[in-house]
1. Provide a single number: the residues in segment B:125-159 that are loosely packed, with under 14 Cβ neighbours inside 10 Å and within 14 Å of chain A (Cβ to nearest Cβ).
2. Filter segment A:87-105 down to the residues that are surrounded by fewer than 19 Cβ atoms within 10 Å (Cβ to Cβ) and either within 12 Å of chain B (Cβ to nearest Cβ) or touching a strand residue (DSSP E or B) at 6+ places or on another chain (Cβ under 9 Å) (or both) and list them by number.
3. Taking the residues in segment A:106-121 that are within 14 Å of chain B (Cβ to nearest Cβ) and at pLDDT 90 or above as candidates, determine which candidate is surrounded by the fewest Cβ atoms within 10 Å (Cβ to Cβ).
4. Tell me which residues, restricted to segment A:333-346, are within 23 Å of residue A:312 (Cβ to Cβ), out of contact with any strand residue (DSSP E or B) (no Cβ under 9 Å at 6 or more places or on another chain) and surrounded by fewer than 18 Cβ atoms within 10 Å (Cβ to Cβ).
5. Mind checking whether some residue in segment A:70-85 is without any contact (Cβ under 8 Å) to a residue 60 or more places away in the chain, within 22 Å of residue A:173 (Cβ to Cβ) and within 14 Å of chain B (Cβ to nearest Cβ)?
6. Inside segment A:232-259, can you point out the residues that are without any contact (Cβ under 8 Å) to a residue 40 or more places away in the chain and under 23 Å from residue A:451 (Cα atoms)?
7. Exactly one of (1) surrounded by 10 or more Cβ atoms within 10 Å (Cβ to Cβ); (2) more than 29 Å from residue B:151 (Cα to Cα); (3) within 14 Å of another protein chain (Cβ to nearest Cβ) is unmet by residue B:16. Its number?
8. Tell me whether segment A:229-239 contains one or more residues that are under 30 Å from residue B:89 (Cα atoms) and within 14 Å of another protein chain (Cβ to nearest Cβ).
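The values are calculated or read from the model by the stated rules, or taken from the named source; none is laboratory data. Here the structure is a predicted model, which is why all the values come from computation and not from measurement. Ideal geometry is used to build each Cβ from the backbone, glycine not excepted, and the neighbour counts take in all protein chains shown.
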């Protein structure tokens, strides 16, 4: 189907909206109520465009393209319409920009600067007053005065989460967004509402007033909250991660679950170790590694157990596997049994670990015990020292009902009582690393912030320990780790691991 | 047509006279000037033209139009007018403003206030961009104090406590958030 937009000819599939066709050409038509992942409402009227020959302007979001249509998106009539629609929307909009968290990423501000720039003809004192700062859910604050009634939030709750907590009450200029009686906005995806709200009506209670958005730096990364591995954008400044936002990527919906967004909280949790805690007291991270190595060095190889983890990256698990091989111990486990799958039909995975597929690849090459066999080995009493991730070592020792001295890598504020040595490790926000999600897709986490001084990613720590034991594994740099991954794991032999942009999927 | 005004000063380049070349007469004349000031200051100290800066300062004339040390204005109930919007911090070319925002917990509809508001005057270039940028009329540079002449860097570091101050005739009622606050404050007073 052929049509003309702003005089340029284009070809689209039948059923495409004018807005979609224009966007494909790179012509951005302003929108408030339209969202590509939600149904079309056509109530904000900012996307009005002119069709040559049509008596009136039409909404670009809800009008399908027709053969031979000639659309004008920048004509004088269209620009006047946008200006007037904006003026209508701003009539009752409060002058809250200085205290509004949306300022800087607000649709009203952006389009006002682009299309409006009019002086208000409406006295400030006559603006409609509504309920402000409403506590509507665990993560959200609602300000009804700022709302422009685009109903994106209502449609999100109806169509995406299918929980339907929100509705529009009253009619005309009295209408406002409200919770349905007896409900609260605490579904698993509620923070997406703060994202899709084009104005500052819904704001995040967690991010509220923490940082102005124009100060934030952005790093593209992936979420490690579950096996789905959603694409995220880490928003950070001065080495502090302020929030995680969904990032558009093909094959993923434009959402992010609340749980995933909160994964950055453990980074600056007060209990997270920045120094190594050993039997001898607090040590600098490097000294902690020396302590762990000296304990390992005193033991026979078969007395040492090494525990890989699906919560750690490909690099980390490879280095631990290499360390086990270098020490010469048979007591290592790179196994994790799970049944991944999207449990709620949107994003959340039944498998909470980000890298179980990646661990399975390394397990297939390096072998080692399964979890059950490993538990038996721990219970047998032969093992005298365990090296692994804090949470899992704890669980494994509890399951085997033993308390073996162990050295654990700690990524979060999870307490590690009674361990011989707690080694702080850099998380996926602090070091570049790779995961493989439940669908076999390679996921790249990129370092957004710097780890505390001396705190290394696990692969680097494993390399240091191996060198101190006199059994070097030669994984000093990340390039070396990626080379080793390619060389050792046949599935990844052709993978573009070091190319930061390239996509890869397991067969 | 604007008339050009060029001031010239004629320099007397004549050769020195014999008396001047003798040196001692000139020394004595110079010493006389010094001694004149010395005795005048000794017997009538109120006539001294210099002050012991920075301990003593000459007050600026009342009609002085210049940017002086910052202050943060207050509302009628003593809360800062500032709503921690970060406009001044964004506009500041010297990066000398550092704000920490917080949230009112007492139902104040303004919601936001500065928990901390620091200005490092040793970095400040006194450009006045912060005053221009402020949407709430909360920051002003009209205290009449010229910063500088401090003995330590810490003295030049202004915190919120140092900055909060109203001049006579205030508080002013400008600013959208201030209007919100004043309405709320009114209802609160009535309830009392």
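1. 0
2. Answer for segment A:87-105, where residues must be surrounded by fewer than 19 Cβ atoms within 10 Å (Cβ to Cβ) and either within 12 Å of chain B (Cβ to nearest Cβ) or touching a strand residue (DSSP E or B) at 6+ places or on another chain (Cβ under 9 Å) (or both): A:95, A:104.
3. Looking at residues that are within 14 Å of chain B (Cβ to nearest Cβ) and at pLDDT 90 or above, I get A:109.
4. A:337, A:338, A:339
5. The answer is no, given that none of the residues of segment A:70-85 is without any contact (Cβ under 8 Å) to a residue 60 or more places away in the chain, within 22 Å of residue A:173 (Cβ to Cβ) and within 14 Å of chain B (Cβ to nearest Cβ).
6. Of everything in segment A:232-259, those that are without any contact (Cβ under 8 Å) to a residue 40 or more places away in the chain and under 23 Å from residue A:451 (Cα atoms) turn out to be A:232, A:233, A:235, A:237, A:238, A:242, A:243, A:244.
7. (3)
8. Yes, segment A:229-239 contains a residue that is under 30 Å from residue B:89 (Cα atoms) and within 14 Å of another protein chain (Cβ to nearest Cβ).
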